[in-house]
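The values are calculated or read from the model by the stated rules, or taken from the named source; none is laboratory data. Bear in mind the structure is a predicted one, so any value in this text is a computation, not a measurement. Positions of Cβ are generated from backbone atoms using ideal geometry, with glycine treated the same way; all protein chains shown enter the neighbour counts. Ligands, DNA and RNA are excluded from the accessible area calculation, which covers all protein heavy atoms including side chains. Shrake-Rupley method; radii C 1.70, N 1.55, O 1.52, S 1.80 Å.
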Amino acid sequence: MCIFCKIIQGEIPSYKIYEDENTLAILDISQATIGHTLVLPKKHYENILEIPTNEYLNVMNTVQKITKKEKETLLVQGFNILNNCNEIAGQTIMHFHIHILPRYENDDLKIQFKNHEKDYDLKKIQEAILK
Ligand code: 5GP
Ligand code: ZN
């Protein structure tokens, strides 16, 4: 059983923020910023490619609830909402989850897109995606 399934079963303790029939939101054990929360489906799906659309929407519904709650209670100024899909993208726990990363002035979180300076052929990229 994966670590998040163990948390859902109550075999491993966690700090719960929200729970409903289909989803669970817990504090990330390693707080990238204060309030860093993980939202997971209670059923095990590996990633965004595997999770059925209705379950995905349940998760995103909970994500939005948490952002609204944290905006009020933590005086958050903004958020990054993040999903890592597969090891190459940094996924370490193979149970689909969304990171909610509250943003504060002077926090030290860096999320960078590094290749903006390169001159890509957008038409070719569009064709490659749509073929
Ligand atoms: P990933 O890298 O798969 O997108 O994110 C996994 C996240 O799970 C990491 O941010 C990591 O800190 C968090 N994590 C790992 N083990 C535990 C745990 O036992 N409890 C909680 N609450 N978070 C965990
Ligand atoms: Zn699992």
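Can you find a residue that is within 12 Å of ligand 1 (Cβ to nearest atom), outside any loop (DSSP other than H, G, I, E, B) and surrounded by 10 or more Cβ atoms within 10 Å (Cβ to Cβ) anywhere in region 100-110?
Yes; the residues of region 100-110 include at least one that is within 12 Å of ligand 1 (Cβ to nearest atom), outside any loop (DSSP other than H, G, I, E, B) and surrounded by 10 or more Cβ atoms within 10 Å (Cβ to Cβ).
For region 43-78, how many residues are open to solvent by 60 Å² or more (accessible area, probe 1.4 Å) and either in contact with a Cys (Cβ under 7 Å, 6 or more places away or on another chain) or outside any helix (DSSP H, G or I) (or both)?
Initial filter on region 43-78 (open to solvent by 60 Å² or more (accessible area, probe 1.4 Å)): 43-44, 46, 48-50, 53-54, 56-57, 61, 64-65, 68-69, 71-75, 77.
When the remaining residues are screened for being either in contact with a Cys (Cβ under 7 Å, 6 or more places away or on another chain) or outside any helix (DSSP H, G or I) (or both), the result is 43-44, 46, 48-50, 74-75, 77.
Residues flagged as open to solvent by 60 Å² or more (accessible area, probe 1.4 Å) and either in contact with a Cys (Cβ under 7 Å, 6 or more places away or on another chain) or outside any helix (DSSP H, G or I) (or both) within region 43-78 amount to 9.
How many residues are surrounded by 18 or more Cβ atoms within 10 Å (Cβ to Cβ), more than 10 Å from ligand 1 (Cβ to nearest atom) and not in a loop (DSSP other than H, G, I, E, B) if we restrict to region 1-37?
The number of residues fulfilling the criteria is 5.
Take the residues in region 111-126 that are more than 30 Å from E70 (Cβ to Cβ) and open to solvent by 100 Å² or more (accessible area, probe 1.4 Å); name whichever of them is modelled with the lowest pLDDT.
Looking at the filtered set, the residue picked out is E117.
Would you mind stating whether L75 is modelled with pLDDT under 95 and hydrophobic (A, V, I, L, M, F, W, C)?
yes
Where the second residue is among the aromatic types (F, W, Y) and open to solvent by less than 60 Å² (accessible area, probe 1.4 Å) and the first is in contact (Cβ under 8 Å) with a residue 40 or more places away in the chain and lies in region 74-88, which pairs have Cβ atoms under 9 Å and are six or more apart or on separate chains?
L74/Y104; V76/Y104
How many of the residues making up region 79-99 are in contact with a Pro (Cβ under 8 Å, 6 or more places away or on another chain) and more than 21 Å from S14 (Cα to Cα)?
So the count comes out to 1.
Report, ordered by the first and then the second residue, all pairs with beta carbons closer than 6 Å, sequence separation of six or more or different chains, a first member in region 35-50 that is modelled with pLDDT of 95 or more and of a type in the set (D, E, K, R), and a second member that is in a loop (DSSP other than H, G, I, E, B) and within 15 Å of ligand 2 (Cβ to nearest atom).
From residues that are modelled with pLDDT of 95 or more and of a type in the set (D, E, K, R), the pairs are K42/N22; E46/M94.
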